[in-house]
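Read-outs: derived from the displayed coordinates by stated rules, not from any lab. Model, not experiment: these values are computed from the prediction. All Cβ positions, glycine included, derive from the backbone under ideal geometry; neighbour counts span all protein chains shown.
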Amino acid sequence: KQEVTQIPAALSVPEGENLVLNCSFTDSAIYNLQWFRQDPGKGLTSLLLIQSSQREQTSGRLNASLDKSSGRSTLYIAASQPGDSATYLCAVRRGGANSKLTFGKGITLSVRP
Amino acid sequence: NAGVTQTPKFRVLKTGQSMTLLCAQDMNHEYMYWYRQDPGMGLRLIHYSVGEGTTAKGEVPDGYNVSRLKKQNFLLGLESAAPSQTSVYFCASRDGTLGDTQYFGPGTRLTVL
């Protein structure tokens, strides 16, 4: 059974810091990995999706990497801002169009002004 | 283009009452999902559908029923609500093609007294 772990559960950093959020998964036979952002009281918004054949994806100040063999992904946030404060979840899809996402429990990030 | 919408946003039920949560998407997506999110438990899949007229059980289906009579709508029913069903419910959809992104609704906060 696929398990997705995100440690630590919470993180607080000063504004302007570059930071890395980690995600690990137990079964390396994944199809793709997706990073989501969730603001308090809101739904999930997709940030980046990495296919299993890719090593990384970038969008603005965000960069996500994937190392399938070691079962790890990182989300890099450059020059963090208070507006980046949210919970970040990673999720993996094992294989095939019919397969379902397995989610981590998320990392709650607080960026202090 | 509204994406994924959910009705209602909030609801309070008494134990034993029934209700239906409505999810609608305007992206012509084949796949639709219902999740619940609880503190410390993360997101758990309740039921899902891979196309109009189809439904399937997810990780925590007991106490819930679903229907997908129209492609754009996915209904989640609680026949006899229990306090353990107090949660935030999220609907999601995706088109089912290779590398597709999963889109989430804003959530329904349900309290069962």
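List of remarks:
- Electrostatic bookkeeping for B:G107 treats Lys and Arg as +1 and Asp and Glu as -1; over the other residues with beta carbon under 9 Å from its beta carbon, the sum is +3.
- Debye, to nearest 20: dipole size of chain B, +1 on Lys, Arg Cβ, -1 on Asp, Glu Cβ: 320 debye
- Residues B:D100, A:D27, sorted so that the one with the fewest Cβ neighbours within 10 Å comes first: A:D27, B:D100
- Global geometry of the stretch B:38-106, whether rounded, prolate or oblate, following the gyration tensor of its Cα atoms and the 1.5 cut on a/c: oblate
- Order of B:T101, A:T108 under a 10 Å beta carbon neighbour criterion, fewest first: B:T101, A:T108
- For B:N28, neighbours were defined as the other residues whose beta-carbon sits under 10 Å from its Cβ, and their charges (Lys and Arg +1, Asp and Glu -1) total -2.
- Check: chain A dipole with +1 on Lys, Arg Cβ and -1 on Asp, Glu Cβ, in debye: 340 debye
- Estimated FRET transfer efficiency when R0 is 30 angstrom, pair B:T7-B:A82 (beta carbons, to 0.05): 0.85
- Eligible lysines near B:K9 by straight Cα distance, threshold 20 Å, same-chain separation 8 or greater: A:K42
- The alpha-carbon of A:K68 sits under 15 angstrom from the alpha-carbons of these aspartates and glutamates, leaving out residues fewer than 8 places away in its chain: A:E3, A:D27, A:E56.
- Given +1 at the Cβ of Lys and Arg, -1 at the Cβ of Asp and Glu and no other charges, the dipole of the protein assembly as shown around its Cα centre is 320 debye to the nearest 20.
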